[in-house]
1. Kindly count the pairs of lysines across the chain whose alpha carbons are less than 28 Å apart, treating pairs on different chains or eight or more residues apart as eligible.
2. Could you tally the net charge around T11, taking each other residue with its Cβ under 13 Å from the Cβ of T11, Lys/Arg +1 and Asp/Glu -1?
3. With springs only between Cα atoms under 10 Å apart, run a GNM on the chain and tell me which of I174, I46, I61 wobbles the most.
4. Residues with beta-carbon under 15 Å from that of P212, excluding P212: net charge, scoring Lys, Arg +1 and Asp, Glu -1?
5. What is the distance in Å between the Cα centres of the stretch 167-211 and the stretch 52-98?
6. Distances longer than 12 Å among the Cα atoms of the stretch 59-108: what percent of all pairs is that?
7. Using 0.36 nm per residue, how much length does the chain from S149 to I5 gain when fully extended, once their Cα-Cα distance is taken away?
8. Take the alpha carbon gyration tensor of the stretch 106-229, find the square roots of its eigenvalues, order them as a ≥ b ≥ c, and report rounded if a/c is under 1.5; if not, report prolate when a/b exceeds b/c, else oblate.
Amino acid sequence: MKKYIAECIGTCVLVVLGCGTAMLVGCDAAAGGGYILTALAFGLAIVAMAYSVGNISGCHINPAVSLGVLLSGGMKLKEFFGYIAAQCVGALAGSGLLALIFGLGKVKDMTGGFGSNGLAGVGENPIAGLVVEIVLTFIFVLCILGVTSKKQSHGSFGGLVIGLTLVGVHILGIGLTGTSVNPARSIGPAVVAAISGNLAPLGSLWVFIVGPLAGAALAAVVYKALEKN
């Protein structure tokens, strides 16, 4: 149970810091600064959680990461479903906190949807969005599997490497899909946006569930093949 609580808290923090920053500063390609700030917020959230709850749950805080670990033999199926449930609850809680904070403070949401993902950057083309999410998640999960491999210990630097990799994929992906690489991170804001009256994010939500899971599965298969002696 402690692992699930840790995953819930970690995902909540990721959404609050990452999506909250996006809501506050926006992601205007012309300005550019919002890209970097949002990318850093997501990456630094991962670093913070890796060094706080990582020793309890492994700090997946992402169903795609949990799928990669499952397919690599790092966890059991029952535990996998528990992780996903905890992560989704955490993402919903984080989005709810943002709704409360921004609502009480009457702060404008610069993203228009609680930092939810969308396909505007790829011309509303779901196939293009899928490709983006598969590629970015593949990179991210491949990094995680390598950093956490028992055959190659990266010691205390693992969390930093993973966080910086998330920053990197966000720098490219924000202008295309808003960068999900994490189904829970997409579900939470989309659901809370819908409750608030904005149904648009739900229309493309499937892209940000299927894409990251497919990318994670591909990363697990490739890594196992590369790691095999």
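Any read-out appearing in this document is the output of simple, stated calculations on the displayed coordinates, not a laboratory observation. Note that the structure is predicted; figures quoted are calculated from it, not measured. Methodologically, a virtual Cβ is constructed for each residue, glycine included, from the backbone with ideal geometry; neighbour enumeration extends over all protein chains shown.
1. 21
2. Once positives and negatives cancel, what remains is +1.
3. I174
4. On the way: positive: R185; negative: E133.
Summing Lys/Arg as +1 and Asp/Glu as -1 gives 0.
5. 17
6. For the stretch 59-108, the fraction of Cα-Cα distances above 12 Å is 66 percent.
7. Between S149 and I5, full extension yields 49.4 nm more.
8. prolate
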